[in-house]
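*Asks:* The following block contains the structure, expressed as C-alpha cells.
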Amino acid sequence: MIRQLTSIGITFKMKQTSLAVLLTGSLLAASWAAPAPSAHAASEGVFISKDSYFMLNRAALSSSSLQFSVLFHNGENQALDFNKYGVRVTDRAGQSYTANLSEKKSGIVNGGQEESFRFYANLPAGENAADLKVDVFRWDYNKSDFMNHLGELPVASVIQEGQLEAPEEIISLRTLDSTLASDSSLAFRLGQSVRVTENGKWYMYTQVAAKNLGSSSVKVPATLLARLVDANGMKYTATVASGADTAILPNQSDTLTLKTLISKGTPTSGLTLEYYYLNQSEDVSLGTLGMNSSLNTVALGVKQSYAGQQDGENVTAKATSSTYSVQADGVHVQTVVTLSNDGEVVAPIPALTASYQFGDSGSSVSSTDNTSRNGFLAPKETATYYFNATLPTGVDPNAAQLVLWQKAAASTGSTTGSGTTTGTGNSGATTGSGASTTGNSGTSTGTTGTTGTTGTTGQQPVAVFLLKGASEAQNGFTTAVNYELGTKLALGSSVVNPNLDVSLIELHAHENDDLGYKTAIAKYKITNNGTSTLALPALQNELIDNKGNAYTGSRQSAAATQITPGSSYVVSYSYLLPNKGRDDEDQSFALNVYDDKSVSEGNVSAGTFKVALQGEETGDTIAIYPFSLKVNDYSIGWTYSGGTYSYVLQLDMDITHEDQVIIDSNFSKIQFEMVDSLGRIVGTQDASLMGTGKLTSGIQRVSISGLKNEQVQTGVIVNMYEVIDTPNGTAKRLLKKFK
C-alpha cells in the first residue's frame, strides 16, 4: 500500500543512521544520512502495516547506474527482518533491473527504530529519473515470480535538487568480461586530484577509490580505460600509476592513482573523469565523474588528511611555514612540513620528497629531507620535514607551490589469472529478483578476468601546498634567544641525541694582525646522560653578527668519535672573524647550531642563541677550560753554554683541573713565543697541560736555545698562547704577556 507520509505521528526519537561511504585519504563524500522525521511528510511510503513502512531516502542517477537508499521504518513493538523483503528498479517500459546492496550491515531493525539500506542498480544509457521507480516486494514462493509486490516509489521524488552527478560511478564488470560473476561491479569514487609538473610537462594525478560490490575478488580489468575530458571537449588519456594489480576483496576497497598528461592551458573548471572501453574501433562510455570538487591545493598552515592512507588511520599533513631570502644566486626558500598521527593506531611514515613548481612553463626544483626517522608514527606523534631549495632570481615564492611526493612502487605490465573467493558474512546481494539479503551466511565463487595496466615507478604526489603567505627570513641575530654561558643548549634531536647535553663553556678571540683576521675559539662540553655509548656529534655551527654575516665554525682537526655513559667530553671550534670594523659594543653574536646533512641544500637551524666574546684575563689567573692557571711569579733571563745563547722563562704556577671532563691528545696546547724589541719572533717552545712533559704546579723553566749573539738583547717579551689545530690552520689565543 502506498500513501503520503503526511499524517504519521512520530512519538518516539528516530535513530538517524548514515550509510557507509567510502573514504580513502581525502576522498570527498556526499551525505547519505537518513532524513529527520519532518522530512517524511513530503515523501511517499510503502506500508507493510499501520505503523511500518519503506521510503526512499536519497537517489543519485549517473550515466550508467542508479544509487539509492531505502529507509525501513519499524513502528512495531518487535524486531522486523528486512531479509524478508526486496527491492528492484523498473522503468516506464516495464523493464526491471537488479538492485544490489552496496554496504554490509544487519537486516534486523528493532522495534521503534529505523535503518537505511543503500543499493545500486546498473542501467542502460539514457534512462531518465522521471521514468524510474523502486519496486518494493515481499518474498513469496507461492507467486510465479516469487514476489508479492507491495508498491513502487518514484525515483524523481528524491533526486537531489540541482544534482549534476552521482557521488560515485558504479560499473558492471560483466560489460567488459562476460566470464565474470553476474554481480561483479566496482564503485569508483573520486579522491583528490592535483596538477603537478614533472620533467617540464604538466600532469594531473587523480586518486580513485574502487570498492568491490560483488561477492568475488576482482582486479580492475585492463579493458577498462579512463580519460579526462575538459570543458572544451578535449580528451586526455589516463594511465594507472599504481594500484591496478591489486585484487580487491568483496566489500573491500583499494585506491588507484591515475596519471594524465595535460597541456599547460588545460582548464580545470568543468573537468570530468570518464570511464570507457573500446568496442572494436568505437569508444563506449561507461560513466563520468565531475572533478570540480576533487581538485585540491592546500594553503599554508592548513591541515589536510594524508592521501592514500589505510582504513583506520588518521594521518594529516600541513605546511607549517615557508620562509625565503633573496641572495645573489637566487631565492633561497625553506618550507617546514609536519606529518601528524591524529588517530588511535600506529601509522607508517612514508618516504617523502618535495619539489617547488612555479610559472606556467613546467619549471620545478626538487628538494629532499634526508633525516633518519623511525618507520612509524605513534598516536599523537608528529614528524617534521624541512625542504630547502634555491629558486631562480625573480621568482616570487608567494606564487610558487610545494608538491609533496611519496616514493611508491607502481604496477607494470599485465597479468591474466582466475580464481575463486569463498566468503561468509551477515550481508550480501542476490541477483535475478534484485532483493537484498542480510544476516545470512553463504558462499560465492567467481573468476577474475584479464587485468593489467602500464604504470610508472618512482613517486606520486600526495599534496600541493600554496606558498602564498611565505615570509622573508629574519636575520638569525635578531631571532636568537638569551643564553647563559655554561648552561645546556636547547637543540633539536635532528643534530643531537636526546641523551646528550651540549653546553658552550668558553668563547674567546685573538687578534692576528699579520694575517688580517682574528680567531674566535669556542669550547663545547658534551655530556652523555644515557646508559650506552653514543656517537660524539659533529656540531655544524656558525656565529652571526648584527649585520647578518655568518662565520662558520671549524672543529678541531681530530676528536674522539664516541662518548661513554656518564662522562663528559670537551671539543673546540674556531671561527675566522674580520680584524676590523668591530668595537666594544659590537662583540655580540648569535650562535646558530644547524643541520646541513638532512636537507638537499642549505641547512636547518636547530637553535640560535645570543652569545658574546669573553674579554681577556687581566689578572694572574688564566682560564683554559677545564684548567685554571695562576701565575705566582716569573722571571726572564738568558744563559750561555757551548757557544750558544738561550732565553729562559722561569714560571711559578698553580694549575688546577676545575672540571672532571675527558680531554685527549688533540686538546689545545700551550705555546710560548719569544719576541725581541723589534717585534721579531726569536723562537717558540710548546708545552701541554696533559700527557708526558705536561706543565705542573710549582716552578718550571721554559727555554728557547740556539740564539745568535746579535739576538741577545734587552726588551724581550714572551707571549703565552693557547693553540688549537683546526682545518684552517693553527688557531691561537693570547693568554698572557711576560716582559
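*Asks:* So how many residues does the range 217-252 have that are among the hydroxyl-bearing types (Ser, Thr, Tyr), modelled with pLDDT of 90 or more and within 27 Å of ARG118 (Cβ to Cβ)? Lay out the reasoning, then the answer.
*Replies:* Initially, the range 217-252 is screened for residues among the hydroxyl-bearing types (Ser, Thr, Tyr), giving 217, 223, 236-237, 239, 242, 246.
The next check asks that each one be modelled with pLDDT of 90 or more; those that pass are 217, 223, 236-237, 239.
Still in the list and also within 27 Å of ARG118 (Cβ to Cβ): 217.
Qualifying residue count, the range 217-252: 1.
*Asks:* Would you call TYR53 in contact (Cβ under 8 Å) with a residue 24 or more places away in the chain and over 44 Å from the mean Cα position of the chain (by Cα)? So that I can check it myself, show each step before the final result.
*Replies:* Details: in contact (Cβ under 8 Å) with a residue 24 or more places away in the chain: yes; over 44 Å from the mean Cα position of the chain (by Cα): yes.
Answer is yes for this residue.
*Asks:* From the set of residues in the range 596-635 that are β-branched (Val, Ile, Thr) and buried (at least 16 other Cβ atoms within 10 Å of the Cβ), which is farthest from THR368 (Cα to Cα)? Give the steps one after another, and end with the answer.
*Replies:* Pass one, the range 596-635, residues β-branched (Val, Ile, Thr): 599, 604, 608, 611, 618, 621-622, 624, 631.
Cutting the leftovers down to buried (at least 16 other Cβ atoms within 10 Å of the Cβ) gives us 599, 604, 608, 611, 622, 624, 631.
Numbers: VAL599: 6, VAL604: 12, THR608: 23, VAL611: 32, ILE622: 47, ILE624: 42, VAL631: 55 Å.
My answer is VAL631.
Results for (1) modelled with pLDDT of 95 or more; (2) closer than 18 Å to THR90 by Cα; (3) touching a His at 6+ places or on another chain (Cβ under 9 Å); (4) among the aliphatic types (A, V, I, L, M), shown as yes or no for each residue.
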site	(1), (2), (3), (4)
GLY112	no, no, no, no
SER116	no, no, no, no
LEU123	no, yes, no, yes
GLU127	no, yes, no, no
ASP131	no, yes, no, no
TYR141	no, no, no, no
PHE146	no, yes, no, no
GLY151	no, yes, no, no
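*Asks:* Right, another one. In the range 595-607, is there at least one residue being without any contact (Cβ under 8 Å) to a residue 24 or more places away in the chain and not acidic (Asp, Glu)? Working first, answer last.
*Replies:* Initial filter on the range 595-607 (without any contact (Cβ under 8 Å) to a residue 24 or more places away in the chain): none.
No, every residue in the range 595-607 fails to be without any contact (Cβ under 8 Å) to a residue 24 or more places away in the chain and not acidic (Asp, Glu).
*Asks:* Being crowded, with 17+ Cβ neighbours inside 10 Å, more than 30 Å from LEU173 (Cβ to Cβ) and modelled with pLDDT of 95 or more narrows it down to one residue among ALA319, ALA347; which is it?
*Replies:* Details: ALA347 fails: modelled with pLDDT of 95 or more.
On inspection, the qualifying residue turns out to be ALA319.
*Asks:* Moving on to the next point. Is there a residue in the range 640-649 that is free of Cβ contacts under 8 Å to residues at least 60 places away in the same chain and among the aromatic types (Phe, Trp, Tyr)? Quick ask: steps written out before the conclusion?
*Replies:* Initially, the range 640-649 is screened for residues free of Cβ contacts under 8 Å to residues at least 60 places away in the same chain, giving 640-643, 648.
Of the ones still in play, those that are also among the aromatic types (Phe, Trp, Tyr) are 640.
Yes, the conditions are met somewhere in the range 640-649.
*Asks:* So if I check each of THR692, THR696, THR726, which one is modelled with pLDDT under 75, hydroxyl-bearing (Ser, Thr, Tyr), under 26 Å from SER628 (Cα atoms) and within 60 Å of the chain's Cα centre (by Cα)? Can you show your working first?
*Replies:* On the way: THR692 fails: modelled with pLDDT under 75; THR696 fails: modelled with pLDDT under 75.
Answer to the check: THR726.
*Asks:* Name the pairs whose Cβ atoms lie under 9 Å apart, with the first residue in the range 507-519 and under 10 Å from LEU576 (Cβ atoms) and surrounded by fewer than 21 Cβ atoms within 10 Å (Cβ to Cβ), the second modelled with pLDDT of 65 or more and of a type in the set (Val, Ile, Thr), and 6 or more positions between them or separate chains?
*Replies:* Here the result reads ASN512/THR519, each pair linking the range 507-519 to a residue that is modelled with pLDDT of 65 or more and of a type in the set (Val, Ile, Thr).
*Asks:* Is it the case that the range 53-74 has a residue that's of a type in the set (Ser, Thr, Tyr), modelled with pLDDT under 90, in a loop (DSSP other than H, G, I, E, B) and buried (at least 20 other Cβ atoms within 10 Å of the Cβ)?
*Replies:* Pass one, the range 53-74, residues of a type in the set (Ser, Thr, Tyr): 53, 62-65, 69.
Checking the rest, the ones that are also modelled with pLDDT under 90 come to 62-65, 69.
Right, trim to in a loop (DSSP other than H, G, I, E, B) and you get 62-64.
Next, only the ones that are buried (at least 20 other Cβ atoms within 10 Å of the Cβ) stay: 62, 64.
Scanning the range 53-74 turns up at least one residue that is of a type in the set (Ser, Thr, Tyr), modelled with pLDDT under 90, in a loop (DSSP other than H, G, I, E, B) and buried (at least 20 other Cβ atoms within 10 Å of the Cβ).
*Asks:* With GLU103, GLU152 as the choices, which residue is assigned to a loop (DSSP other than H, G, I, E, B), touching a Lys or Arg at 6+ places or on another chain (Cβ under 6 Å) and touching a residue at least 24 places away in the same chain (Cβ under 8 Å)? Please lay out each step first, then the result.
*Replies:* Numbers: GLU152 fails: assigned to a loop (DSSP other than H, G, I, E, B).
Answer to the check: GLU103.
*Asks:* Which one of these is out of contact with any His (no Cβ under 9 Å at 6 or more places or on another chain), surrounded by 15 or more Cβ atoms within 10 Å (Cβ to Cβ) and closer than 24 Å to ALA328 by Cβ: LEU377, LEU402, LEU352? Steps first, answer last, please.
*Replies:* Numbers: LEU377 fails: closer than 24 Å to ALA328 by Cβ; LEU352 fails: closer than 24 Å to ALA328 by Cβ.
LEU402 is the lone residue from the list that is out of contact with any His (no Cβ under 9 Å at 6 or more places or on another chain), surrounded by 15 or more Cβ atoms within 10 Å (Cβ to Cβ) and closer than 24 Å to ALA328 by Cβ.
*Asks:* Within the range 249-286, work out how many residues are hydrophobic (A, V, I, L, M, F, W, C) and surrounded by fewer than 21 Cβ atoms within 10 Å (Cβ to Cβ). Working first, answer last.
*Replies:* Initially, the range 249-286 is screened for residues hydrophobic (A, V, I, L, M, F, W, C), giving 249, 256, 258, 261-262, 271, 273, 278, 284, 286.
Okay, now just the ones that are also surrounded by fewer than 21 Cβ atoms within 10 Å (Cβ to Cβ), so 249, 261-262, 278, 284.
Summing the residues that are hydrophobic (A, V, I, L, M, F, W, C) and surrounded by fewer than 21 Cβ atoms within 10 Å (Cβ to Cβ) in the range 249-286 gives 5.
*Asks:* Then there's this: Taking GLN587, is it modelled with pLDDT under 85 and either surrounded by 16 or more Cβ atoms within 10 Å (Cβ to Cβ) or touching a Leu at 6+ places or on another chain (Cβ under 8 Å) (or both)? Give the derivation first.
*Replies:* Details: modelled with pLDDT under 85: yes; either surrounded by 16 or more Cβ atoms within 10 Å (Cβ to Cβ) or touching a Leu at 6+ places or on another chain (Cβ under 8 Å) (or both): yes.
In short, yes.
*Asks:* For the range 669-699, which positions are part of a strand (DSSP E or B) and in contact with a Lys or Arg (Cβ under 8 Å, 6 or more places away or on another chain)? It would help to see each step written out before you state the result.
*Replies:* Filtering the range 669-699 down to residues part of a strand (DSSP E or B) leaves 669-675, 681-687, 698-699.
Answer for the range 669-699, where residues must be part of a strand (DSSP E or B) and in contact with a Lys or Arg (Cβ under 8 Å, 6 or more places away or on another chain): GLN671, ASP686, ALA687.
*Asks:* Could I ask something else about it? Of the conditions (1) over 26 Å from SER361 (Cα atoms); (2) of a type in the set (Lys, Arg); (3) touching an Asp or Glu at 6+ places or on another chain (Cβ under 6 Å), ARG227 fails just one. Which one is it?
*Replies:* All conditions pass for ARG227, except number (1).
*Asks:* A further question follows. Restricting attention to the range 470-490, which residues are of a type in the set (A, V, I, L, M), in a loop (DSSP other than H, G, I, E, B) and either more than 27 Å from the chain's Cα centre (by Cα) or more than 16 Å from VAL604 (Cβ to Cβ) (or both)?
*Replies:* Our first condition is that a residue be of a type in the set (A, V, I, L, M); within the range 470-490, this holds for 470, 473, 480-481, 485, 489-490.
Adding the requirement that they be in a loop (DSSP other than H, G, I, E, B) leaves 470, 473, 480, 485, 489-490.
Hits for the range 470-490 are ALA470, ALA480, LEU485, LEU489.
*Asks:* If you scan the range 609-657, which residues turn out to be assigned to a strand (DSSP E or B), hydrophobic (A, V, I, L, M, F, W, C) and within 24 Å of TYR569 (Cα to Cα)? Explain how you work it out, then say what you get.
*Replies:* Step one: filter the range 609-657 for residues assigned to a strand (DSSP E or B), giving 609-612, 621-624, 627-641, 644-657.
Right, trim to hydrophobic (A, V, I, L, M, F, W, C) and you get 609, 611-612, 622-624, 627, 629, 631, 636, 638, 648-649, 651, 653, 655.
If the condition is that a residue be assigned to a strand (DSSP E or B), hydrophobic (A, V, I, L, M, F, W, C) and within 24 Å of TYR569 (Cα to Cα), then PHE609, VAL611, ALA612, ILE622, ALA623, ILE624, PHE627, LEU629, ILE655 are the ones that fit.
*Asks:* In addition: Here is a list: TYR645, TYR640. Which entry is in contact with a helix residue (DSSP H, G or I) (Cβ under 9 Å, 6 or more places away or on another chain), assigned by TED's automatic domain parsing to the domain that holds ALA731 and at pLDDT below 80? First the steps, then the outcome.
*Replies:* On the way: TYR640 fails: in contact with a helix residue (DSSP H, G or I) (Cβ under 9 Å, 6 or more places away or on another chain).
When all the criteria are applied, what remains is TYR645.
The values are calculated or read from the model by the stated rules, or taken from the named source; none is laboratory data. Just so we're clear, the structure is a prediction, and the values are computed from it rather than from any experiment. Quick reminder, even Gly has a Cβ in these numbers, built from the backbone with ideal geometry, and neighbours come from all protein chains shown.
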